[in-house]
Each structure stands twice: as structure tokens, then as C-alpha cells.
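Take a look at the structure below.
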Amino acid sequence: MYRQWAALLFIVRVQGLSRTTARGQQLEIHATVIGPYFVDDEIDLFGEIDGNAYVRPRGNLNLYGAVTGDLYVQPGGVATIHGSVSGFVENEGANVTVYGRVGGIRNHNRDCPTVVGYSATIGRGGH
């Protein structure tokens, strides 16, 4: 039982204070994480990933914070962006929705386009 909890609550190379809560397979992160960072379960990120992030198949990222690099979402992954991605969102055939700000979007599969909300900002201009 201890190993299961330890596996759910680990954060690799975290700087600063964090509050991580396990709710089944879901994690909540309130910290700065040094990338590359790989999402394999459901994660609510309120902090920052300093570098690139990768959402793998069966991974689910709810981004309320920031990714300073690119965000790669593999087929079978899910990403909902309320916060910001400084670089590109690379949708490789996944379920991706943008409500926040991203540097750009690249769709690699015509059957799985990225959904862009009304309040989203694409590109580097503006506030």
C-alpha cells in the first residue's frame, strides 16, 4: 500500500513549495517542475513546468498554470489548457482544447483537430 501512495505522490525535481493531493489516479500540483515532464495519469497543474511537457496515451492534463516550452499531446491523451503554453501545442492526434494562451498550434492528425475556445489567445502578441 505504501508503494502505491509513493508512486502517486512523487514529483521529480520540484523547486519551491508544493501541495500534491492524490485522488485515485489524479494529482494536483502547485509547484515549479523542471521539464521535460511526462503526464501518464490525470493531473491538475496550477504551477509551472519549466521546459517541455508530454501528455502520453491515457494521460490527462488540466493546465491552469504555465508550460514554458512546448506541449506535446500523443494519441489517446487529453489536454485542456486554461493557463498558458509559451511554445507550441503539438497535437499528435489527441483531444486538445485551448481556453488560455498558447504560442501556436500544430495539428498532426486531421481527424483530431485542436478545439479553440472563444477566449483563447494564439500567438505571441497581446496581453
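Summary of computed values
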quantity	calculated
GLY69 vs. criteria within 20 Å of THR32 (Cβ to Cβ), in a loop (DSSP other than H, G, I, E, B), touching a strand residue (DSSP E or B) at 6+ places or on another chain (Cβ under 8 Å) and in contact (Cβ under 8 Å) with a residue 12 or more places away in the chain	yes
Total residues in the range 85-127, condition part of a strand (DSSP E or B), within 19 Å of ARG56 (Cα to Cα) and not basic (Lys, Arg)	13
Every pair of residues 6+ apart whose Cβ atoms lie under 9 Å, when the first sits in the range 30-57 and is at positive phi while the second is of a type in the set (A, V, I, L, M)	GLY51/VAL33; GLY51/ILE34; GLY51/VAL67
Unique residue being modelled with pLDDT under 90 and either buried (at least 16 other Cβ atoms within 10 Å of the Cβ) or of a type in the set (D, E, K, R) (or both) when the list is ARG106, ARG124, ARG101	ARG124
Number of positions in the range 1-54 that are part of a loop (DSSP other than H, G, I, E, B) and either touching a Pro at 6+ places or on another chain (Cβ under 7 Å) or at pLDDT 50 or above (or both)	11
Matching residues in the range 27-58 - criterion: being more than 9 Å from the chain's Cα centre (by Cα) and among the small types (Gly, Ala, Ser)	ALA31, GLY35, GLY47, GLY51
Considering residues of the range 109-120 that are crowded, with 16+ Cβ neighbours inside 10 Å and aliphatic (A, V, I, L, M) only, the residue farthest from ALA94 (Cα to Cα)	ALA120
Residues within the range 34-53 that are of a type outside the set (Asp, Glu) and touching a Leu at 6+ places or on another chain (Cβ under 8 Å), tallied	5
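The values are calculated or read from the model by the stated rules, or taken from the named source; none is laboratory data. Quick caveat: nothing in here was measured; it's all calculated off a predicted structure. Cβ coordinates were reconstructed from backbone atoms using ideal geometry, including for glycine residues, and neighbour counts include every protein chain displayed.
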